[in-house]
Amino acid sequence: MKIAIIGAGAIGGYVGVKLALAGEDVTFIVRGANLAAIRKNGMKLIMQDGVEHVATNVKATSNYAEAGPQDIVILALKAHQVEAVADDLPKLFGPDTAVVTMQNGIPYWYFYKHAGEFEGRHVKSVDPTGMIGEKIPARRVIGCVVYPASELIAPGVVRHIEGDRFPVGELDGSVGHRVTKISECFINAGFKAPVLENIRAEIWLKLWGNLTFNPISALSHSTLVDICQYPISRELAANMMREAQAVANKLGIEFRVPLEKRIAGAEKVGKHKTSMLQDVEAGRGPEIDALVGSVVELGRLTNTPTPHIDTVYALVKLLARTMTEESGQVRLEAMA
């Protein structure tokens, strides 16, 4: 199949290499140093065990029209980066093109085919102007939850850290030809990609940890094990998770994992810096609204108090604004 991957970062690069090596016709839509590196050397993937794979049979371009209509478009950007590419994305659409969304947090399409009182509602925290929903119609979307961890270590080079699971699902819960075909494509490339009848429940399960550990780590400059083993921060995380669970429950979501087990799972990851902490240290804009602001918004929508989430959201938003105004990064450095 013809597959365009928007972005060749940690996840996009990982997925793209595996799909290309499995024989799919992969085009990376990228810019700058990544574009030059992929055109010159292909895309390299270094696996957890040190084995290196290089996909030289991939195309790379910054021109969406040049890539042309695709069978699948994989949106492998962070949520706050999607609006910037939304205007160009329709150039990749044919009549039956499916868009696989790989963003963390509550997606812009959340209430499409939701079948509840909020059916069709606009999630403003992730799509402020409505442009994303207009340019990337939810009818094209296959939801996807990203569990692997990887990192872009150089232009055109991704290192896989752990995980290979990408559950997918139609937004209306159906299990038809389209989602089955995408699942099979991912499985053929070596991923675990079960088709789920309730992709929103899986999104909430992933978000449950992201909305707590990401901002707490960014504010405290601490790793997952530090947060979980320090009683005060562990309790803060638990309180935020309880509030999020109450919001999700009102939207018909039940969590299949107990709260303490979810925290214990994060603790087992060890001295891992969350993506938001990595962004803050590198001076990049952290992914706040899809992970935290969206839950604040849905809390208001469902009349659910979220005082702990609100407080952490305010602090991390202020941190991001200060970084932008000062054009700076924030990191701990050892004292001499």
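The values are calculated or read from the model by the stated rules, or taken from the named source; none is laboratory data. All values derive from a computational prediction rather than experimental measurement. Neighbour counts run over all protein chains shown; Cβ positions are idealised from the backbone, glycine included.
Scanning the range 158-204 for residues being touching a Gly at 6+ places or on another chain (Cβ under 8 Å) and among the hydrophobic types (A, V, I, L, M, F, W, C) gives a total of 8.
Looking at the range 80-93, is at least one residue within 23 Å of the chain's Cα centre (by Cα) and part of a strand (DSSP E or B)? Taking every residue of the range 80-93 in turn, at least one turns out to be within 23 Å of the chain's Cα centre (by Cα) and part of a strand (DSSP E or B). When Val316, Val330, Val296 are screened for being β-branched (Val, Ile, Thr) and outside the structural domain of Phe213 (by TED's automatic domain parsing), only Val330 passes.
When Ile132 is tested against the conditions (1) touching a helix residue (DSSP H, G or I) at 6+ places or on another chain (Cβ under 6 Å); (2) not in a helix (DSSP H, G or I), the lone failure is (2). Within the range 300-327, the set of residues being without any contact (Cβ under 8 Å) to a residue 12 or more places away in the chain and aliphatic (A, V, I, L, M) comprises Ala314, Leu318. Against the definition (touching a helix residue (DSSP H, G or I) at 6+ places or on another chain (Cβ under 9 Å) and surrounded by 14 or more Cβ atoms within 10 Å (Cβ to Cβ)), how does Ile187 come out, yes or no? No, not satisfied.
When Val146 is tested against (1) in a helix (DSSP H, G or I); (2) under 23 Å from Val292 (Cβ atoms); (3) β-branched (Val, Ile, Thr), just one condition goes unmet, and that condition is (1).
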